[in-house]
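Chemist: Dropping the structure in here first, questions after.
Each value in this text was obtained by applying a stated rule to the coordinates, not by laboratory testing. Please read all numbers here as calculations on a predicted model, not as lab measurements. FYI the Cβ positions are ideal-geometry reconstructions off the backbone, even for glycines, and counts take in every protein chain you see.
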Amino acid sequence: MANPFTTFTCTRLLSLVLMIFSLVIAPVHSAETNPSWETITIDGRQYVSLNSVKNAYKFTKMESSNKLVTLQNAKVSVKLNIGGNECLMNGVKFVLSHEIATSNGKPYVSQIDLAKLIDPVLRPNFINNAGDFRTVVLDPGHGGSDTGASNSLGYEAFYNLKVAGLVKSQLESKGFKVIMTRNSNVFISLQERVNIANAIKDEAIFVSIHFNSGNSNARGIETFTLSPPSVPHYGSGIKESDFATRMVTNTILQTSP
Ligand SMILES: [Zn+2]
């Protein structure tokens, strides 16, 4: 059986996959305030049993097969791999901050993943100020001497700007104020992009648009969000800066390929 958590590798430039880096400013509902959660501490980190997740979110079934745990109800199927940090919700892959753990043979998910990933996906209507913004900062990735990925169709920087322009028109037609970090093929440093975003006083979201390169099987959209404090960037080791306070606290749904 194919591993359901297989991901594509970014080793060849045969196809371009749109990547959107999105950040939303929103509070998170903490699992620890609910007394019915079955919690334990592993390596100083709080975990919640998948059995209490099943009860809290009204899953009708929880099945385990080898290392795969499936939670199921009429609308949602959640697949988690014990020891793994990837999760499929209705077939869409999400990357957890911490691996699924076990204690006394029972599977547990970290509280941070429950609060900041699983809960907002399963109960988006519980995100207090979701959508409560009128300003969108669009950041076409790369530009100028930094061309980004390339293939026979051209350079990523061009397509990022093209897509950002189309998104800008659509957002403005719906009444959003849109600020672009660049409007032409110029180089802007990452810090300059951050400075543009931080200068905005209103509630806003920041969306950085990229075309990723991958192998010929790669399709669809990948969405990255800022990881919670104390969680390293996906695929890299923990750094001191990962413990810095961050005001961005929520997770965006990935769009299914
Ligand atoms: Zn890029």
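Chemist: Projected area of the range 80-218, taken from the Cα convex hull and averaged over every viewing direction, in nm²?
Modeler: 11.5 nm²
Chemist: Moving on. List the relative contact order of the range 31-123 as a percent without decimals, with contacts defined as Cα pairs under 8 Å and 6+ residues apart.
Modeler: 22 percent
Chemist: Arrange the peptides 180-191, 75-86 so that the one whose residues have, on average, the most other Cβ atoms within 10 Å appears first.
Modeler: The peptides rank, most packed first, as 75-86, 180-191.
Chemist: Which entries of Lys67/Lys239; Lys67/Lys106; Lys79/Lys239; Lys93/Lys174; Lys106/Lys239 show an alpha-carbon separation above 20 angstrom in the structure shown?
Modeler: Beyond 20 Å: Lys67/Lys239; Lys79/Lys239; Lys93/Lys174; Lys106/Lys239.
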